Structures are given as C-alpha cells and as structure tokens.
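The values are calculated or read from the model by the stated rules, or taken from the named source; none is laboratory data. This structure is a prediction, so every number in the text was calculated from the model and none was measured. As a convention, Cβ positions derive from the backbone with ideal geometry for all residues, glycine included, and neighbour counts pool all protein chains shown.
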Amino acid sequence: MLYTFLYRQLYTHFAWAYDAVSWLVSLGRWDGWRRVALDFVVGADVLEVGSGTGELLTALVGRGLTVTGLEASAAMHAITARKLTERGLSVPRVQGFAQQLPFADRSFDTLLITFPGGFIGSAAAHDEFARVLRPGGRLVIVDVALITDNPLLRLLFSLAFPPKPQAMTRLHKALNDSPLAISRQFVGQGMARVVITLGEKKPSPPYPSGWLNRCKM
Ligand SMILES: C[S@@+](CC[C@H](N)C(=O)[O-])C[C@H]1O[C@@H](n2cnc3c(N)ncnc32)[C@H](O)[C@@H]1O
C-alpha cells in the first residue's frame, strides 16, 4: 500500500525526480539495463508501454524504428515532450492505460515494457498486448534481478523494490494465462542480471484455416 502510494507520487507529482531516483537506486545502471530491450525488437512498428520519461523512445527512434509511446501519467508525458523537443525529435505519444490500449488490433510488431508498474500482473493488460500485436509479433518485458554482493546496491534495491509476493503471484498467473507463448532469457550485466520475458504471437498460417481440407474435397 505504502509503496503503491510512493510509486504513484514518483510517476506524478515527483516525475521530475524519476530519472535521478532510478539512476541512484541502480548506481547509474538503469539506462544500460533498459537498453537491453533494444536487442529483442522484431519488425519496424514498436509500441512502448509505460514509456516514463521517454529515454527508450529516443533510443528506438535512433534505430530508425517507427515508435509510439503509451504512458498513463501526464507529468511523465510533459517531461518526455520537453526532452524530445530539446533533441529535435517527434514521437507519437498517447496518454492511456495498458489495460485498455487505444489502438486497433494487430497494430504493432513489438511491444516493449521496461520496469513495468503493477499493470503487468493484470490479465486485461495481457489480453490487450496480444490483441494489438501482429501475428509473428513479440512482447518484450525487461526487469532486473540483482546478483551482487555490493551492500550499498543491495540496500538501495531492497528499499526501492521490496519483495512483493502477491504481485509476483499475480504476474505468474497473468503470464500463465497469456494468449502469447511466454519464455524467459537472462542477460548478464555486471552486478545484475537483466530478466527478459518474451511473449511471441503465432504467425498467421499461409492459408486460411480449413483451406487444405477444402482442397481435398
Ligand atoms: C517504473 S516506471 C518505468 C518507466 C520506464 N519504462 C523506464 O524504464 O524507466 C513505470 C511507468 O509506467 C507508468 N504506468 C503505470 N501504470 C500504468 C498503466 N496502467 N498504463 C500505462 N502506464 C502506466 C508509470 O506512470 C511509469 O511511468
């Protein structure tokens, strides 16, 4: 409860402090961890869900991808807008919720989510992810697991991200029930291991279902 309240404050009233706080709790590694997501992009049309202060949007545009950012917080959007203007970039962005994506079915090749909020345990959000992905498309979720003995980093991390068994149970259930084919990969990054959860949407069959049977008749 307390943490939910504090996170909400960080995403809204204190959004101006988000980049500094995420840098601090990771001792400067946050952006490196987040950028691991770039190696898992498929296709050209990418939606970032929970785009925060827009750093990954900038990196995606830099790779020549067609990018859209979805973010719930108006304060995060304001910071992103300022950064993009300063960088001479224009990226379509939408204020909205992961649980009700304002996009047509089969709109994107990749959905990226780095350091997701509580919405990641919502079955409604996972149904939406599957709906807006094209056949052959991919959901990429980036999180991090700490494997360091560095006491300072461990302390910062446990303060910022205390273990939340109920949230983990919800997430596991949502992933189990996901219409996508879920798998996991771990990428070594110094003192941490970046945890990549992938959700693949089956490619369309080359011919409509039942086509073969009809040919045999
Ligand atoms: C931990 S931050 C991650 C931001 C960014 N992806 C990063 O890597 O730093 C989570 C972000 O998700 C946004 N968010 C929370 N709930 C959301 C929802 N239901 N739909 C869309 N965005 C949401 C928050 O406002 C916040 O910007």
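Quick notes
- Any hit, region 112-131, residues being under 13 Å from T53 (Cα atoms), surrounded by 15 or more Cβ atoms within 10 Å (Cβ to Cβ) and of a type in the set (K, R): no
- In region 10-38, the residues that are away from the ligand (no atom under 11 Å from the Cβ) and without any contact (Cβ under 8 Å) to a residue 24 or more places away in the chain: F14, A17, A20, G28
- Residues located in region 99-146, provided they are within 12 Å of the ligand (Cβ to nearest atom), part of a loop (DSSP other than H, G, I, E, B) and not hydroxyl-bearing (S, T, Y): Q99, L101, P102, F115, P116, G117
- Residues of region 9-33 satisfying the condition of being in contact with a Gly (Cβ under 9 Å, 6 or more places away or on another chain) and part of a helix (DSSP H, G or I): Y11, A15, Y18, D19, S22, G32
- In region 24-52, of all residues being of a type in the set (V, I, T) and out of contact with any Ser or Thr (no Cβ under 7 Å at 6 or more places or on another chain), the one that is surrounded by the most Cβ atoms within 10 Å (Cβ to Cβ) corresponds to V49.
- Single unsatisfied condition, A74 versus (1) at pLDDT 95 or above; (2) more than 10 Å from the ligand (Cβ to nearest atom); (3) among the hydrophobic types (A, V, I, L, M, F, W, C): (2)
- For region 88-98, the tally of residues that are surrounded by 14 or more Cβ atoms within 10 Å (Cβ to Cβ) and part of a loop (DSSP other than H, G, I, E, B) stands at 4.
- Flag if G96 is near the ligand (Cβ under 10 Å from one of its atoms) and modelled with pLDDT under 95: no
- Residues in region 147-181 that are under 16 Å from the mean Cα position of the chain (by Cα) and in a loop (DSSP other than H, G, I, E, B): S178, L180.
- When the residues of region 39-58 are filtered to those that are of a type in the set (D, E) and either in a helix (DSSP H, G or I) or within 11 Å of the ligand (Cβ to nearest atom) (or both), the one that is nearest to the chain's Cα centre (by Cα) is E48.
- For R106: the one exception among (1) buried (at least 17 other Cβ atoms within 10 Å of the Cβ); (2) within 19 Å of the chain's Cα centre (by Cα): (1)
- For region 186-204, the set of residues classified as exposed (fewer than 15 other Cβ atoms within 10 Å of the Cβ) and either touching a Ser or Thr at 6+ places or on another chain (Cβ under 7 Å) or without any contact (Cβ under 8 Å) to a residue 24 or more places away in the chain (or both) consists of G188 only.
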